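Worksheet: the structure to be examined is printed underneath.
The values are calculated or read from the model by the stated rules, or taken from the named source; none is laboratory data. Keep in mind it's a predicted model, so treat the numbers as computed, not measured. Cβ: placed from backbone, ideal geometry, glycine included. Neighbour counts: every protein chain shown. Just the protein is used for accessible areas: all its heavy atoms, side chains included, with ligands, DNA and RNA removed. Shrake-Rupley method; radii C 1.70, N 1.55, O 1.52, S 1.80 Å.
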Amino acid sequence: MIDDISIFSKQFDLHLEHVREVLNRLREAGLTVNTRKCTFASNNIKIFGHTVHNGTISLDEEKIRVVANWPVPKNKKQLRSYIGFVNYFRSYIPQYSSVAFPLTEMLAKPRSDKLQWTEEAQRAFNKLKNALIIIIIIIIIIIKMQDLEWHIIM
């Protein structure tokens, strides 16, 4: 299963050729496209946490709001969701395992679904949240400093 495909072309007629080629390759591979989820010939898309508008790439501001406003988890399901989200960025967070340990420890099987939220858990939660916000800010700076060009990735 392929979730997202982005096709960028500098000229519209060339773009049509690229789209045709991608769709043909998908068909040859036995894959289908959900047309309700497709956007064709648009100069504004959201992809990989970024917004591309008229050739300008910026971070999707919604991601910043999601991180900044993430509520303190009330149960294991919410905590797993938070840890899963943060885990995606683990390679960018120094000493991730040590920082996240108080939170991952709360997911131990024998404990009830209700969380005993401690000061240590709050510190870990805040430290991970702040690390994510810093990562997002760094990504914004890097994107603004580079002249990025999107290519077809197959």
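Things to note:
- Unsatisfied cross-links (Cα-Cα over 29 Å) in the set 10/46; 46/129; 46/74; 37/129: 46/74; 37/129
- Apportionment of accessible area to carbon and sulfur, the stretch 1-137, percent (1.4 Å): 53 percent
- Relative packing of peptides 24-36, 119-131, 68-80 - highest average C-beta neighbours within 10 Å first: 119-131, 68-80, 24-36
- Estimated at the nearest 10 Å², the accessible area of residue 91 is 100 Å² with a 1.4 Å probe.
- Potential lengthening between residue 18 and residue 133 on full extension [0.36 nm per residue; Cα-Cα distance subtracted]: 37.8 nm
- Extension gain, residue 120 to residue 85, is 10.6 nm, computed as 0.36 nm per intervening residue step minus the present C-alpha separation.
- Each label point was placed 7 Å from the Cα along the Cα-to-Cβ direction; for residue 141 and residue 77 their separation is 4.0 nm.
- Counting only heavy atoms of the protein chains and using a 1.4 Å probe, residue 13 has close to 100 Å² of accessible surface.
- Protein-only accessible surface at a 1.4 angstrom probe places the residues 15, 53 in the order 53, 15, largest first.
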